[in-house]
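One structure below.
The values are calculated or read from the model by the stated rules, or taken from the named source; none is laboratory data. Keep in mind the model is a prediction, meaning the values are calculated, not measured. When we count neighbours, we look across all protein chains shown, and the Cβ atoms used for this are built from the backbone with ideal geometry, even at glycine.
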Amino acid sequence: MQQTQYKLTPVGLLIGLAFSLLSGGASAGTLNLSNSPLFLANQVKPNVMVMLDNSGSMKIAMYNPSWGVRTGFNPATVYSGIFDENKSYIYDSSIPVNTGAYKVTIKSDVQGAFVESACTPSAGDNSCWSGQYLNWLTTRRIDASRVVLIGGKLESRAPFNYGSGLSYKLMANNERSDNSFGGKYSASDSYSPIPNNEAVLVISPADSGAVKAAGYDPYAKISSGVGGGFIYSDAGTKIGEFGQVTTDENWATVNLQNIYTNPVVIAKPPTISGSDPSVVRIKSVVNTSFQVQIQEYKYLDGGHADENITYIVIESGSHTLDGGVKLIADTLVTNSTNVTGNCGSSQTGHADVNFSSAFPSTPVVVSSVMTKNGADPVNSRAWNINANGFDIAMQEEEDEGAHDVTETLGYIAIEAGVVDDTSNRFILEAGTQNNVDENTDTINFTTTFSSAPVFVGALQSMNDGDTAVLRLDSINTSSAQLHVQEEKSCDNEVNHSNEQVGYLALQGASLNLNIALAVGDEPTGLLQDVNS
């Protein structure tokens, strides 16, 4: 049985009932106070004044109240607010603003509102919202109070043409000192386009109270878009995802937000919190998860500090992204090893990879070892990349040489350039950087990200055959700092020739949606039901 979570808190709603007798004017009457109690008198109707508190306690979230990022959404609970908990919605960015409802200049770029839809929210859908989830996520106490009393805050009580059959617009609170709060849910993708466990904020542009010379934004917002996200084809099909996990020498499980048939997993480079030479190892890749760890080379003690490891997962196959950008993800099984600086004999093996179809130009290639069939630390390196394919092999530490068992290697090849898919809210920049060695080098992005992107990168040349991996020193919105790290199993010399690095910088594009709902009929509440 569903439980309804809806209450107007004492601190939140003050309804003052002031019964004042009209003592003057043409409609005034004389009361004989000695004959009957006031509440039984019917000669003069009382005035009723409703006072709605708008102090700070009314600005907090109605459900699981907190000024932080809330959890606790329960699908079995009914959450009331400006949305109907039994309906679904999509966001229509073309819904206009009724500028005539305001006595100030309105910003020109703030159109958009939710509208009712026959869609059904489900995992992987990037447009459908549950009204139940929207109410839990966005409702403040003052919003809930307004809904009960007057049907909610309207842009105007006068009808306005917001679109076919849409005449009124409900709005969430947007006032000075609103502050912000957040919310996240482990299965949010099943109720909204928000990826599972991604925190989103409810913010008010009017919060600071400052005068906006460029115009007033009347709408509170749902805001998100940092960290990981999904990757979509040009047809709007979800084909992959990206993110970051933190771990040390222990295995960490990454639970994927999508279900894949043949996932290709790339996880590198690690950060440099621990300076000991290390590789990222992947195992147990299945359609819903994989595991990852930091593995130091055998000559070291094995213990390692926590590192941030970025990853990208793509469904195996050939894909076309927004703008016609080509991407191929695939795997191969090999034990080929290539190390020219080892203590014993050099290993010069490699596997040939031929693309299923040629690229129009030399692509960016990133690769990872996706299994741990052998216990020794091992890393993959690709080189001789061209439009038709490339060479690939594994590298163990120099004191070991060959890798004796086969492993599954995964690779992603993509055209260089930028994909800015505004419909599906992700940005991808693919590129290369030459002349990267053991010293810190900087990659300057051609895209300015709103926050530090997820950075996946790998060596894609073999100018120096010494065992080496890429390490990420730091990253910000405009650049990444990294270097090539050799290991010291044979000697202490760690100088490395210049290599080419291929990289993907990814970000879930900013979500900035007006908390507003366009409807056909004028919403009403308890006060409209009071007889005059």
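Which of the residues belonging to segment 432-453 are modelled with pLDDT under 95 and either at positive phi or aliphatic (A, V, I, L, M) (or both)?
Ala452, the sole residue that qualifies.
Return the pair list, or none, for Cβ contacts closer than 7 Å from residues in segment 108-126 that are assigned by TED's automatic domain parsing to the domain that holds Val519 to residues that are assigned to a loop (DSSP other than H, G, I, E, B) and among the aromatic types (Phe, Trp, Tyr), at least 6 apart or on different chains.
Pairs found: Val110/Tyr219; Pro121/Tyr191.
Restrict the check to segment 500-512 and report whether at least one residue is within 22 Å of Gly410 (Cα to Cα), over 26 Å from the mean Cα position of the chain (by Cα) and touching a residue at least 12 places away in the same chain (Cβ under 8 Å).
yes
Conditions (1) of a type outside the set (Ser, Thr, Tyr); (2) more than 24 Å from Arg471 (Cα to Cα); (3) within 23 Å of the chain's Cα centre (by Cα), marked per residue:
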{"position": "Gln291", "(1), (2), (3)": "yes, no, yes"}
{"position": "Lys298", "(1), (2), (3)": "yes, no, no"}
{"position": "Val325", "(1), (2), (3)": "yes, yes, yes"}
{"position": "Thr334", "(1), (2), (3)": "no, yes, no"}
{"position": "Asn338", "(1), (2), (3)": "yes, no, no"}
{"position": "Val353", "(1), (2), (3)": "yes, yes, no"}
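Taking the options Gly131, Gly151, Gly112, name whichever one is modelled with pLDDT of 90 or more, touching a helix residue (DSSP H, G or I) at 6+ places or on another chain (Cβ under 9 Å), closer than 18 Å to Leu166 by Cβ and buried (at least 18 other Cβ atoms within 10 Å of the Cβ). Even if it seems obvious, please write down each step before you answer.
Numbers: Gly131 fails: touching a helix residue (DSSP H, G or I) at 6+ places or on another chain (Cβ under 9 Å); Gly112 fails: touching a helix residue (DSSP H, G or I) at 6+ places or on another chain (Cβ under 9 Å).
Of the residues listed, the single one that is modelled with pLDDT of 90 or more, touching a helix residue (DSSP H, G or I) at 6+ places or on another chain (Cβ under 9 Å), closer than 18 Å to Leu166 by Cβ and buried (at least 18 other Cβ atoms within 10 Å of the Cβ) is Gly151.
Could you tell me how many of the residues in segment 326-339 are surrounded by fewer than 20 Cβ atoms within 10 Å (Cβ to Cβ) and over 18 Å from Lys372 (Cβ atoms)?
Looking only at that region, the number is 2.
Which of the residues belonging to segment 82-120 are of a type outside the set (S, T, N, Q), under 23 Å from the mean Cα position of the chain (by Cα) and more than 20 Å from Ile194 (Cα to Cα)?
Residues satisfying the conditions are Asp109, Val110.
Could you go through segment 327-338 and let me know if any residue there is out of contact with any helix residue (DSSP H, G or I) (no Cβ under 9 Å at 6 or more places or on another chain), assigned to a loop (DSSP other than H, G, I, E, B), touching a residue at least 60 places away in the same chain (Cβ under 8 Å) and acidic (Asp, Glu).
We begin by selecting, within segment 327-338, every residue out of contact with any helix residue (DSSP H, G or I) (no Cβ under 9 Å at 6 or more places or on another chain); these are 327-338.
Now restrict to residues that are assigned to a loop (DSSP other than H, G, I, E, B): 335-336.
Right, trim to touching a residue at least 60 places away in the same chain (Cβ under 8 Å) and you get 335.
Checking which are acidic (Asp, Glu) leaves us with none.
There is no residue in segment 327-338 that is out of contact with any helix residue (DSSP H, G or I) (no Cβ under 9 Å at 6 or more places or on another chain), assigned to a loop (DSSP other than H, G, I, E, B), touching a residue at least 60 places away in the same chain (Cβ under 8 Å) and acidic (Asp, Glu).
Starting from residues that are in contact with a Phe, Trp or Tyr (Cβ under 7 Å, 6 or more places away or on another chain) and part of a strand (DSSP E or B), keep the ones in segment 50-89 and report whichever is farthest from Ile150 (Cα to Cα).
Going through the qualifying residues, I end up with Arg70.
Starting from residues that are surrounded by fewer than 18 Cβ atoms within 10 Å (Cβ to Cβ) and free of Cβ contacts under 8 Å to residues at least 60 places away in the same chain, keep the ones in segment 260-273 and report whichever is farthest from Asp189 (Cα to Cα).
Here the residue is Ser273.
Among residues belonging to segment 274-316 that are free of Cβ contacts under 8 Å to residues at least 40 places away in the same chain and surrounded by fewer than 16 Cβ atoms within 10 Å (Cβ to Cβ), point out the one that is farthest from Gly410 (Cα to Cα).
Per the stated criteria, the residue is Asp301.
Are any residues in segment 262-284 within 19 Å of Ile328 (Cβ to Cβ) and either within 23 Å of the chain's Cα centre (by Cα) or acidic (Asp, Glu) (or both), and if so, which ones?
If the condition is that a residue be within 19 Å of Ile328 (Cβ to Cβ) and either within 23 Å of the chain's Cα centre (by Cα) or acidic (Asp, Glu) (or both), then Pro263, Val264, Val265, Ile266, Ala267, Lys268 are the ones that fit.
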